[in-house]
Each structure stands twice: as structure tokens, then as C-alpha cells.
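S.K.: Quick one: the structure is below, and I'll ask about it shortly.
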Amino acid sequence: MAVGRDELRTVLDSELRVSAFKDYCPNGLQVEGRDDINVLVSGVTACQALLDRAVALEADAVLVHHGYFWRGEDERLVGMKVHRIRTLLEAGMSLFAYHLPLDCHPRLGNNAGLARAMGLQHWQGIDPETTTHPVFCGAFDEGTRLSDIVGRLEHELQREALVVGNPDSLIRSAAWCTGGGQGYIDEAASHGAELFITGEVSEQTIHVARERGLAFVAAGHHATERFGARSLGNWIAERFGIDHHFVDIDNPA
């Protein structure tokens, strides 16, 4: 079976509510390939290694969280960028990329995937006034030791996490933002979270965690953002009956 490229674009843009977001890059179809899609490859970032694997798998389209044409980047098609674009065009592969819309999807998104990795059953956006805020929150009903939460995350993500806080402390409320969300730690603390989880850490993040009295976990930008592209790719494959391959190009960042 196959799905039309333009039909898939319409379905994804609607499901992920692309028009609701103000983002740092264009969301949706970024590079147009052949009309019909039988084989889809998904991954975190549209790096050259992922594109090469997609070519080897004879993919018709590539679906990622981190695509191209970011705000402020060099607009010229030279060097690394032109090599990537040439690979797509010569293979006739489309590139679909969804950034914040894929972080925020309540079932298929990166934040939802991280919630399940923590063992949570229920979660929501931290700001009840909007569904486009990239920070989610949830509760551990009985209270869970920080060390147990970290252990589960490290097992699910297959990565050692950086942890600030007493490992024996009981955590009842958590907030999280996958990827490079360390700048939201103050907002998480003000919301009353006892734990904030994200992918990256900055120097000042440690001081904020200590001085505001909440535990902090940095579990890896790439590791915390594997969920969305894989889940969305599986959803597409099930809906349209096409082949889907999630390809994880390891990145320790």
C-alpha cells in the first residue's frame, strides 16, 4: 500500500496542529520528493547518516524531529547542507520535519513518551491556558524515590543521567521538557514541581535547582527525543499500511 505525499502532509499538519505553533523552523514538508510513499524512515535528526540509511532502505520519505532551515542559520545551500539536500533530491525522498508540534502532542509526542518512560499514567501541559507550551507536568500518586525514577529513566533511555538532588527524596510532582529545555527550570519550580527533567544542562541550571530546592535530571537531548518520530512513524504505518523503519543514529549529546 501507499499514501500520497500531499495527503500525508495534510494529515500530519492537522494531527500535530502545526498552525497553532510559533516555531524556530518550518514544520511539515521541508523537501518535496516523489508523489507516493510506500516506505517511511524516521529518526531524530535529518543528519547525513540517517539519510544514507534511508537511501539503503529505499525510503520514499524521511520523518524527523530536527529538520532544516532553522531561524538564523546560513541560508546558502553550501557544504554540509547542500550534500544533505542533494541526497534527498537524487533519491526522490521527501523530508517531513516537526519540531515543537511533535514535542507537544499529548499521545505521540516526545513529552508524552518521556512521561511513559517515567511510569506516569497521566500528564498534561504545565500551562492550562494553552496546548502549545513545551513543558508537561504530572504526579507520582504515592511518592517515588528520586533514585527509582532515575533508574527507570536510565533503563528506558539506555543512557546515564546527570542528577542533582537527594536520591532518597520522595518525588510527588514532576515537570519535564525534552531536548534543550533547561531554561524552563524556573517555571517548573514556580509551578511547584519537586523534580524537573530535560535533555540538557547549563552551568546556571545546577544553581537554580539547588537554590530553589527541586531535583533536576538531564537525561540527554537526543535520548529524550527519540519518542516522537518513532511513535508518529508507527502511527502513520498503522493508519496507511506502509512500511516504517525507525533508525536511531546514536548521539551522546
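The values are calculated or read from the model by the stated rules, or taken from the named source; none is laboratory data. Nothing here was measured: the structure is a model prediction, and the numbers come from that model. Because the Cβ atoms are built from the backbone with ideal geometry, glycine has one as well, and the counts that use them run over all protein chains shown.
S.K.: Condition (residue is in a strand (DSSP E or B) and either at pLDDT below 95 or among the acidic types (Asp, Glu) (or both)) applied to the stretch 214-225: is it met by at least one residue?
M.R.: no
S.K.: If you don't mind, there's one more thing I want to ask. Quick one: which of 194, 203, 160, 211 is acidic (Asp, Glu), touching a residue at least 24 places away in the same chain (Cβ under 8 Å) and either assigned by TED's automatic domain parsing to the domain that holds residue 63 or over 30 Å from residue 8 (Cα atoms) (or both)?
M.R.: Exactly one residue qualifies, and that residue is 194.
S.K.: Residue check: is residue 172 assigned to a helix (DSSP H, G or I), touching a residue at least 12 places away in the same chain (Cβ under 8 Å) and either in contact with a Phe, Trp or Tyr (Cβ under 7 Å, 6 or more places away or on another chain) or exposed (fewer than 15 other Cβ atoms within 10 Å of the Cβ) (or both)?
M.R.: Criteria not met by residue 172.
S.K.: Under 9 Å between Cβ atoms, at least 6 apart or on separate chains: pull out the pairs that start in the stretch 24-38 with a residue that is on the phi < 0 side of the Ramachandran plot and end on any residue that is among the hydroxyl-bearing types (Ser, Thr, Tyr) and surrounded by fewer than 20 Cβ atoms within 10 Å (Cβ to Cβ).
M.R.: Matching pairs, first to second residue: 25/68; 26/68; 30/68; 31/68.
S.K.: Another question about this same structure. Sort through 187, 156, 160 and tell me the only one that's over 18 Å from the mean Cα position of the chain (by Cα) and either part of a helix (DSSP H, G or I) or on the phi > 0 side of the Ramachandran plot (or both).
M.R.: Residue meeting the stated conditions: 187.
S.K.: Related question: If a residue must be of a type in the set (S, T, N, Q), under 21 Å from residue 190 (Cβ atoms) and modelled with pLDDT of 95 or more, how many such residues does the stretch 110-159 contain?
M.R.: Adding up the residues that qualify gives 3.
Rundown of residues vs (1) among the polar types (S, T, N, Q); (2) loosely packed, with under 13 Cβ neighbours inside 10 Å; (3) under 21 Å from the mean Cα position of the chain (by Cα), yes/no style:
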{"position": "30", "(1), (2), (3)": "yes, no, yes"}
{"position": "36", "(1), (2), (3)": "no, no, no"}
{"position": "39", "(1), (2), (3)": "no, no, no"}
{"position": "49", "(1), (2), (3)": "no, no, yes"}
{"position": "53", "(1), (2), (3)": "no, no, yes"}
{"position": "64", "(1), (2), (3)": "no, no, yes"}
{"position": "77", "(1), (2), (3)": "no, yes, no"}
{"position": "95", "(1), (2), (3)": "no, no, yes"}
{"position": "118", "(1), (2), (3)": "no, no, yes"}
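S.K.: Still on this structure: Just one of (1) farther than 23 Å from residue 16 by Cβ; (2) not assigned by TED's automatic domain parsing to the domain that holds residue 216 trips up residue 37, so point out which.
M.R.: For residue 37, the failing item is (1).
S.K.: Of all residues in the stretch 190-213, which are over 30 Å from residue 247 (Cα atoms) and assigned to a loop (DSSP other than H, G, I, E, B)?
M.R.: Hits for the stretch 190-213 are 192, 193, 194, 213.
S.K.: Can I ask one more? Go over the candidates 223, 193 one by one and state the one that is under 30 Å from residue 60 (Cα atoms) and among the hydrophobic types (A, V, I, L, M, F, W, C).
M.R.: 223
S.K.: From the list 116, 145, 172, exactly one residue is closer than 30 Å to residue 21 by Cβ and among the charged types (D, E, K, R). Which is it?
M.R.: When all the criteria are applied, what remains is 116.
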